[in-house]
1. Taking region A:73-83 as the search range and keeping residues that are within 14 Å of chain B (Cβ to nearest Cβ) and near DNA strand C (Cβ under 10 Å from one of its atoms), which one is surrounded by the fewest Cβ atoms within 10 Å (Cβ to Cβ)?
2. Within region A:90-107, count every residue that is surrounded by fewer than 15 Cβ atoms within 10 Å (Cβ to Cβ) and either basic (K, R) or in contact with a helix residue (DSSP H, G or I) (Cβ under 9 Å, 6 or more places away or on another chain) (or both).
3. If you take the residues in region B:84-112 that are small (G, A, S) and within 24 Å of A:I107 (Cβ to Cβ), which one is nearest to the other protein chains (Cβ to nearest Cβ)?
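The values are calculated or read from the model by the stated rules, or taken from the named source; none is laboratory data. Fair warning: this is a prediction, and the values are worked out from it, not measured in the lab. Note: ideal-geometry Cβ built from the backbone for every residue, glycine included; neighbour counts use all protein chains shown.
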There are 2 protein chains.
Amino acid sequence: MELSNYSKIFKALSNEQRLKIFLMIYKNCCSPEGAVVGSEFKLKDESCCSVKGGLEKAFTRICDCMNLSRSTISHHFKELQNAGLITCEREGQTYRCKINQEVVESIMDFLK
Amino acid sequence: MELSNYSKIFKALSNEQRLKIFLMIYKNCCSPEGAVVGSEFKLKDESCCSVKGGLEKAFTRICDCMNLSRSTISHHFKELQNAGLITCEREGQTYRCKINQEVVESIMDFLK
DNA sequence: TATATTATTCTAAAATCATGGAACTATCGA
DNA sequence: TCGATAGTTCCATGATTTTAGAATAATATA
């Protein structure tokens, strides 16, 4: 993988709001305050969490959790997709997001 | 560690030029083209590589390798320091840069 | 000590980014 | 079918970032 791909991935994670969104998908939950994050992700509001595999009505939930407009959330999702970190597909009103685990792992390898 | 710290670290690595500088220190070498990077970092110009522990006349070398002004290189170094990724100290004309391995590892833990 | 070299800081300009509103498309459900 | 809901795209704007030149400070060496 080219160096520019790595910087693109880091850029996708460099914005705090976007990182929060990424974690919602990665850890399958979200925290309104985006407080302390570890392998055990502490929830503030379980209602905006989804089950493994997809975020149902993702945007509305995320808009509720974070103070961002739909349009902004959409931009952030696109950025994460462009970096290859996630893959999204819409199935009616269900928005399925998946982590591209290989990409996450390539970052870890890169830093090893 | 706070979420904002992680995004700060990712931001430091999000710029391709800065990532290249980081790798010069991390892998203790540099590549003018910043080509393919892996655990085995291939050199284009060994002359601008340093020995383990410090980069002697770092800026001049890096300016030669990359097409950036001194002032820009300086800014990038500062950014990497601010993110906590590296520690630099000047010792006369020798500029010692060290990686903060714990910080690099905290990123890997974060992504685990 | 004077001069050359090295790195930092100030300032400014161009480029990129984050964000939201409005208009738009797609889908659900009454 | 019609209204409500979900997400996207276009467009504009304020904020941040990247970059370099000039001035400055620190250091080495002749």
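1. Here the answer is A:E79.
2. Residues that pass the stated criteria total 3.
3. Within region B:84-112, the match that is nearest to the other protein chains (Cβ to nearest Cβ) is B:S106.
Conditions (1) part of a helix (DSSP H, G or I); (2) modelled with pLDDT of 80 or more; (3) more than 15 Å from DNA strand C (Cβ to nearest atom), marked per residue:
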{"residue": "A:K11", "(1), (2), (3)": "yes, yes, no"}
{"residue": "A:F41", "(1), (2), (3)": "no, no, yes"}
{"residue": "A:S47", "(1), (2), (3)": "yes, no, yes"}
{"residue": "A:C63", "(1), (2), (3)": "yes, no, no"}
{"residue": "A:S71", "(1), (2), (3)": "yes, yes, no"}
{"residue": "A:Y95", "(1), (2), (3)": "no, no, no"}
